[in-house]
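For reference, the structure is listed below as structure tokens.
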Amino acid sequence: MRTEVTLQGLQAALIPVRLARKSIGFVPTMGNLHQGHITLVKEAKKYCDLVVVSIFVNPTQFGAGEDFERYPRTLDADSQLLADAGCDIIFAPSVQQMYGTQPQLTTVHVEAIANDLCGKSRPGHFTGVA
């Protein structure tokens with residue numbers, strides 16, 4: 001299993017897989033993994049030749065009063081769980097790698113789902129997810 005921290009590194013790692021026309025499964029997470037995440041990885045392994053799991057604590061998913069800085073970051077423990085589950089690549093980028101240094105000019109609003117689930121108590125959460 002390998003860990004990539006840049007978009008360029010991930011893209012380079014996937015070139016031979018794509019050239020071989022193999023399938024790629026993707027499981028997006030914010031880390032601090034639990035058994036539900038591991039089940040998704042194992043399911044992806046059943047259907048895909050290669051499984052990539054992202055671990056990215058996304059600041060745009062956190063609203064006012066939600067503590068982005070205190071969200072548990074457990075990359076070492078997560079890496080072991082993912083290795084045991086058969087994950088092939090962990091993509092663990094930084095906030096700067098994902099968003100760059102320029103102001104964010106575009107957002108995607110998902111109105112219907114934003115009124116349900118945790119959207120009721122976390123305004124803006126699903127905009128951050130999207």
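The values are calculated or read from the model by the stated rules, or taken from the named source; none is laboratory data. Computed from a predicted model, the values in this text were never measured in an experiment. Glycine also receives a Cβ, built like all others from the backbone with ideal geometry; neighbour counts cover every protein chain displayed. Ligands, DNA and RNA are stripped out before the accessible areas are found, and what is left, the full protein with its side chains, is counted by its heavy atoms. Shrake-Rupley method; radii C 1.70, N 1.55, O 1.52, S 1.80 Å.
Contact list please: Cβ distance under 6 Å, first residue in segment 90-104 and under 26 Å from LEU14 (Cα atoms), second residue acidic (Asp, Glu) and modelled with pLDDT of 90 or more, pairs at least six apart or on different chains. If the second residue must be acidic (Asp, Glu) and modelled with pLDDT of 90 or more, the pairs left are PHE91/GLU4.
Selection within segment 20-46: residues that are farther than 22 Å from PHE68 by Cβ and among the hydrophobic types (A, V, I, L, M, F, W, C). The member of this set that is nearest to the chain's Cα centre (by Cα) is PHE26.
Taking the stated definitions as given, is VAL108 at pLDDT 90 or above and open to solvent by 50 Å² or more (accessible area, probe 1.4 Å)? Show your work before the answer.
Details: at pLDDT 90 or above: no; open to solvent by 50 Å² or more (accessible area, probe 1.4 Å): yes.
No, not satisfied.
Within the bounds of segment 48-56, is there any residue that is hydroxyl-bearing (Ser, Thr, Tyr), in contact (Cβ under 8 Å) with a residue 12 or more places away in the chain and open to solvent by less than 20 Å² (accessible area, probe 1.4 Å)? Yes - at least one qualifying residue is present in segment 48-56.
For first residues located in segment 62-89 and without any contact (Cβ under 8 Å) to a residue 40 or more places away in the chain, partners that are small (Gly, Ala, Ser) and open to solvent by less than 70 Å² (accessible area, probe 1.4 Å) and lie 6+ apart or on another chain with Cβ distances below 8 Å do not occur. Restricting attention to segment 10-25, the residues that are closer than 13 Å to VAL53 by Cβ and among the polar types (S, T, N, Q) add up to 0.
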